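Below: one structure, written as structure tokens.
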Amino acid sequence: MRYQISGKQIDIGDALQTHVKSEIDETVGKYAQRPTEAVVVFSRNAHQFACECTVHLATGLNVSARGQATEIYAAFESCREKMDKQLRRYKRRLRDHQHVRSEPVEFAGGASYILAASEEAEESEPTSLQPMIIAEMEAKIPSLSVGEAVMQMELGGSHLLVFRNEKNSGINVVYRRDDGNIGWIDPANTK
């Protein structure tokens, strides 16, 4: 597995890097046999250290966690415990997912835009109906089942996931609702 361990404006020593590698190997090795890459970023905000960790699995799924503490090792341990809890929760599904899916998750390309905030919020009518695009990027849209999409959203720690449904090849969305439940938007299923 490849590791990318870095710090944002802080120096990461060899001892911390060795500790991170061994702990991630142990944690991820229990639940997912084929991790390919781990990206760990340490940062400091006032008196607290933060650790963000993302592990990419060979099947195309990603696991993300974030931890904070007053010491850097404790921040990593908090992050590792959260990742362990996520992986434990999905252990059976991750193992079944690897056995059923012989090929990695397929990704389709899509355009992603960041729109500038409107400065004309106080005006009654905008002068132009065209939004100003300040960034244009390529987004990857995975081809998953609905259950895998919910699992990927949970493992990634995101509130929303856009994916291509394997059953009907349509673009679908799963999202976390304010009431704690999961919402699923399937435009192809409307009649």
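Within segment 1-71, considering only strands (runs of 3 or more DSSP E) that don't extend past its boundaries, which have at least 3 residues that are crowded, with 16+ Cβ neighbours inside 10 Å?
Where strands (runs of 3 or more DSSP E) fall fully within segment 1-71 and carry at least 3 residues being crowded, with 16+ Cβ neighbours inside 10 Å, they are 35-45, 48-57, 62-69.
Please name all residue pairs, on different chains or six or more residues apart, with Cβ atoms under 7 Å, provided the first residue is in segment 175-187 and is among the β-branched types (Val, Ile, Thr) and the second residue is part of a strand (DSSP E or B).
Short answer, once both residue conditions are applied: ILE182/VAL174; ILE182/ARG176; ILE185/ASN172; ILE185/VAL173.
So how many residues does segment 25-65 have that are farther than 28 Å from GLN9 by Cβ and of a type in the set (Gly, Ala, Ser)?
Residues in segment 25-65 being farther than 28 Å from GLN9 by Cβ and of a type in the set (Gly, Ala, Ser): 4 in total.
Conditions tested, residue by residue: (1) surrounded by 10 or more Cβ atoms within 10 Å (Cβ to Cβ); (2) farther than 22 Å from CYS53 by Cβ; (3) at pLDDT below 85.
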| site | (1), (2), (3) |
| --- | --- |
| PRO131 | yes, yes, yes |
| ILE134 | yes, yes, yes |
| MET151 | yes, no, no |
| LEU155 | yes, no, yes |
| PHE163 | yes, yes, no |
| VAL174 | yes, yes, no |
| ASN181 | no, yes, no |
| TRP184 | yes, yes, no |
| ASN189 | yes, yes, yes |
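If the requirement is being over 17 Å from the mean Cα position of the chain (by Cα), at pLDDT below 90 and either of a type in the set (Lys, Arg) or part of a helix (DSSP H, G or I) (or both), which of these qualifies: GLN98, GLN86?
GLN98
The values are calculated or read from the model by the stated rules, or taken from the named source; none is laboratory data. Just so you know, these numbers come straight off a predicted model, no measurement behind them. Note: ideal-geometry Cβ built from the backbone for every residue, glycine included; neighbour counts use all protein chains shown.
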